[in-house]
Amino acid sequence: MGTAIFVSVAENVDFMRLDDLLSQEERLIRDSVRGFVEEQVLPIIEDHFQAGTFPLQLVDPMARLGYLGASLTGYNCAGLKPVGYGLIMQELERGDSGLRSFVSVQNALVMYPIHRFGSEEQRAWWLPRLQGGRAIGCFGLTEPDFGSNPAGMRTKARRDGGGFVLNGNKAWITNGSIADVAIVWARLEGEGIRGFLVERADPGFSARDYRHKHSLRASVTSELVLDDCWIPEDRLLSGTTGLKSALMCLNKARYGIAWGALGAAMACFETARRWTLDRRQFGGRPIASHQLVQQKLVYMLTEITKGQLLTYRLGQLMDRGQCRHDQISMAKRNNVAVALRIARLARDLLGANGILSEYPVFRHMSNLETVSTYEGTHDIHTLILGQSITGIPAFE
Ligand code: TGC
Ligand code: FAD
């Protein structure tokens, strides 16, 4: 009996038997993405992380496996329910946060806004290309002086003959320089914040990569420059009606991050558990036999399990169309914070070996520093929840 529990915890990090709640299709999705990550991601990801490059060769297989646009319907998209989509994010981030970021951005921040706010022509042109990995997208909301507070954005658009002229800078944009299309949020003169489709070859558009990052190294991060960038009239996402439209996209991405962070945490927990059972100090007993070490492992598994229950329930609510944005904030805030703490504890338990690239924990730990900041920092989600509890916004 003791051995059976031991084995099940080790294999799935599924202490509360969440598997029993998943449909057969969801279990298949989870296992298939896990297999993809083990076979095609883990053997190459560390080299890409060290080199500071995104593994572009994975885009085609991920497209074929249906990960791009997975939660959308029509246009070749898989039409998965939220839990199935979340499991894809979990397993991809078990590999690397940079890979999950790529898929998050393509799904939640590029395909979703085109699907939700675009015209039929925009959907028909872009969605099959983005789904098939023949086009890559990015999402430009943040600016150098407006990160947590995008409402202050300075990027402007004005109507000009049969189109728009855009001016401004977007900062820290995932996939920026490899994107064929950027969803750019700008203040349209007299009309408020709207979303625009800017293409790579548009005159006045350019992208410059950030170099020497210590985090999310297997991901492209760029600054976008819009210098009198002219785009035709049909590039407006006509359904966008203010900052709220951009925030709706963030909800989708934050939901995926809440699942993804658990994948990184599971990888760290599994590594630490194996390590502490093998590693011997003081009289030849495994370090896992010491109470302080067990306490750390218990913390890790408990927090992963609580995080799993949170995301599963969120998925159910999203499926029923009952999910509020403050509920998503709670899951993003909690799961990323515990994942970061779990990664740091795993690094600690591996001792000196914890800093080696032979083990994934330091990579996950440094990635999770970014994940804690993007899509709303930990403290911005604290304030969102504070407002929801008290009715009082404390942002200013
Ligand atoms: P506020 O006045 O509170 O709200 C304006 C309107 O929007 C509504 N709203 C939301 N609606 C849907 N979803 C949400 N999450 C919403 N949050 C607010 C709100 O009810 C209101 O509606 P209405 O009908 O009353 O007009 O807006 P605010 O300007 O005060 O902003 C609030 C705040 C601070 C929470 C918001 O600005 C925020 O979330 N800031 C954080 C910024 C952020 O998360 N940026 C992410 C950039 S993208 C990114 O990081 C990608 S990483 C990609 C990767 O995975 O690699
Ligand atoms: P700031 O807003 O300057 O915050 C700095 C600190 O101040 C934080 O601790 C914050 O919590 C705190 N703070 C700010 N306001 C308050 C307040 N009112 N009360 C208390 N504390 C406060 N953006 C995109 O648009 N698209 C992308 O694809 C994208 N990808 C990214 C990829 C990477 C690798 C990174 C690092 C960032 C990315 N971002 C992207 C940007 C990200 O969303 C922002 O970094 C984030 O929203 C925080 O903004 P900031 O960095 O300007 O920090």
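If you fit an axis through the alpha-carbon atoms of helix 325-349 and take the longest principal axis of the Cα set of the chain, what angle between them do you get, 0 to 90°, nearest 10?
On a 0 to 90 degree scale, this one is about 40.
In the structure displayed, which of Lys296/Lys332; Lys306/Lys332; Lys156/Lys332; Lys213/Lys296; Lys156/Lys213 lie more than 20 Å apart, Cα to Cα?
Numbers: Lys296/Lys332 22 Å; Lys306/Lys332 13 Å; Lys156/Lys332 30 Å; Lys213/Lys296 29 Å; Lys156/Lys213 29 Å.
In this structure, Lys296/Lys332; Lys156/Lys332; Lys213/Lys296; Lys156/Lys213 lie more than 20 Å apart at Cα.
For the stretch 21-68 and the stretch 257-298, what is the separation of their Cα centres, given in Å?
24 Å
Using alpha-carbon pairs under 8 Å, 6+ residues apart, how would you state the relative contact order of the chain in percent? Don't jump to the answer; show the numbers that get you there.
On the way: 714 pairs, mean separation 66.4, N = 396.
Across the chain, relative contact order equals 17 percent.
Helix 243-278 sits at what angle to the longest principal axis of the chain, using alpha carbons and giving 0 to 90 degrees rounded to 10?
That works out to roughly 20 degrees.
Excluding same-chain residues fewer than 8 positions from Lys81, which aspartates and glutamates have a Cα within less than 13 Å of its Cα?
Qualifying aspartates and glutamates at Cα under 13 Å: Glu25, Glu26, Asp319.
Using a ≥ b ≥ c from the Cα gyration tensor of the stretch 206-246 (square roots of the eigenvalues), is it rounded, prolate or oblate, where a/c under 1.5 gives rounded and otherwise the larger of a/b and b/c decides, a/b for prolate? Don't skip to the answer; put the middle values down first.
Working: a/c = 3.58, a/b = 1.78, b/c = 2.01.
It is oblate, given that a/c is not under 1.5 and a/b is not larger than b/c.
Determine the relative contact order of the stretch 318-396: mean sequence separation of Cα pairs under 8 Å and six or more apart, normalised by residue count, in whole percent.
Values: 54 pairs, mean separation 25.0, N = 79.
Value for the stretch 318-396: 32 percent.
For the stretch 228-242, in order, what is each residue's ³J(HN,Hα) by Karplus, 6.51 cos²θ - 1.76 cosθ + 1.60 with θ = phi - 60°, in whole Hz (x at glycine and Pro)?
Coupling constants for the stretch 228-242: 6, 7, 9, 10, x, 4, 6, 9, 6, 7, 5, x, 6, 10, x Hz.
By the scheme Lys and Arg +1, Asp and Glu -1, what is the net charge of all other residues having a beta-carbon under 9 Å from that of Thr53? Please list the in-between numbers first.
Numbers: positive: Arg217; negative: Asp47.
The answer is 0.
Please say if the stretch 84-167 is rounded, prolate or oblate, where rounded means a/c under 1.5 for a ≥ b ≥ c the square roots of the C-alpha gyration tensor eigenvalues, and otherwise the choice is prolate for a/b larger than b/c and oblate otherwise? Don't skip to the end; give the middle numbers.
Numbers: a/c = 2.74, a/b = 1.37, b/c = 2.01.
Oblate is the answer for the stretch 84-167, as a/c is 1.5 or above yet b/c matches or exceeds a/b.
For every other residue with a beta carbon closer than 14 angstrom to the beta carbon of Lys306, add +1 if it is Lys or Arg and -1 if Asp or Glu, then tell me the sum.
Charge balance in the 14 Å sphere: +1.
Have a look at Leu277, Ile384, Asn367 and report the one farthest towards the positive end of the charge dipole of the stretch 244-390, computed about the Cα centre with Cβ charges (Lys/Arg +1, Asp/Glu -1).
Leu277
Please give the peptides 95-105, 331-341, 22-32 ranked by average Cβ packing (other Cβ atoms within 10 Å per residue), highest first, as a rough proxy for protection.
Details: 95-105: 27.3, 331-341: 24.6, 22-32: 15.1.
Ranked from most to least packed, the peptides come out as 95-105, 331-341, 22-32.
Relative to the longest principal axis of the C-alpha atoms of the chain, give the angle of the C-alpha long axis of helix 2-12, reported between 0 and 90° and rounded to the nearest 10°.
Around 20 degrees separate the two axes.
May I ask you to evaluate 6.51 cos²θ - 1.76 cosθ + 1.60, the Karplus curve with θ = phi - 60°, for each residue of the stretch 22-28 and list the ³J(HN,Hα) values in order in whole Hz, giving x for glycine and proline?
Per-residue couplings from phi come out as 7, 6, 4, 4, 5, 5, 5 Hz.
Below 8 Å, C-alpha to C-alpha, sequence gap of six or more: please give me the relative contact order for the stretch 244-390 in percent. Walk me through the intermediate numbers first.
Details: 155 pairs, mean separation 47.8, N = 147.
Taking the mean separation of contacting Cα pairs over the length of the stretch 244-390, I get 33 percent.
Cα gyration tensor of the stretch 7-131, axes a ≥ b ≥ c as square roots of the eigenvalues: rounded (a/c below 1.5), prolate (a/b > b/c) or oblate? Let's see the in-between values first.
Values: a/c = 2.46, a/b = 1.30, b/c = 1.89.
Verdict is oblate for the stretch 7-131.
For Glu223, what charge total do you get from the other residues with a beta carbon under 15 Å from its beta carbon, if Lys and Arg give +1 and Asp and Glu give -1? Walk me through the numbers on the way to the answer.
Numbers: positive: Arg154, Lys170, Arg200, Arg208, Arg211, Lys213; negative: Glu143, Asp145, Asp209, Asp227.
Summing Lys/Arg as +1 and Asp/Glu as -1 gives +2.
Take the alpha carbon atoms of the stretch 368-384, find their center, do the same for the stretch 224-251, and report the distance between the two centers in whole angstrom.
If we compute the Cα centre of each part, the gap is 23 Å.
So what is the 222 nm mean residue ellipticity for the chain from helices alone, if each DSSP H run of at least 4 adds -39500 (n - 2.57) and you divide by all residues, rounding to the nearest 500 deg cm²/dmol? Mind dumping the intermediate values first?
Values: 13 runs with 196 residues, N = 396.
Calculated from helices alone, the mean residue ellipticity at 222 nm is -16000 deg cm²/dmol.
Amide H to amide H, which residues 5 or more places from Phe139 or on other chains are under 5 Å from it, using H placed in the peptide plane?
Here Thr174, Ile183 satisfy the definition.
Quick one: which residues, 5+ away or cross-chain, put their amide H under 5 Å from the amide H of Asp202? H built at 1.01 Å from N.
Under 5 Å from the amide H of Asp202: no residue qualifies.
The numbers here are math on the coordinates, done by the rules we state, and not lab data. Since the model is a prediction, treat every value here as computed from it, not as a measurement. Here the Cβ is made from the backbone with ideal geometry for all residues, glycine too, and neighbour counts use every protein chain on show.
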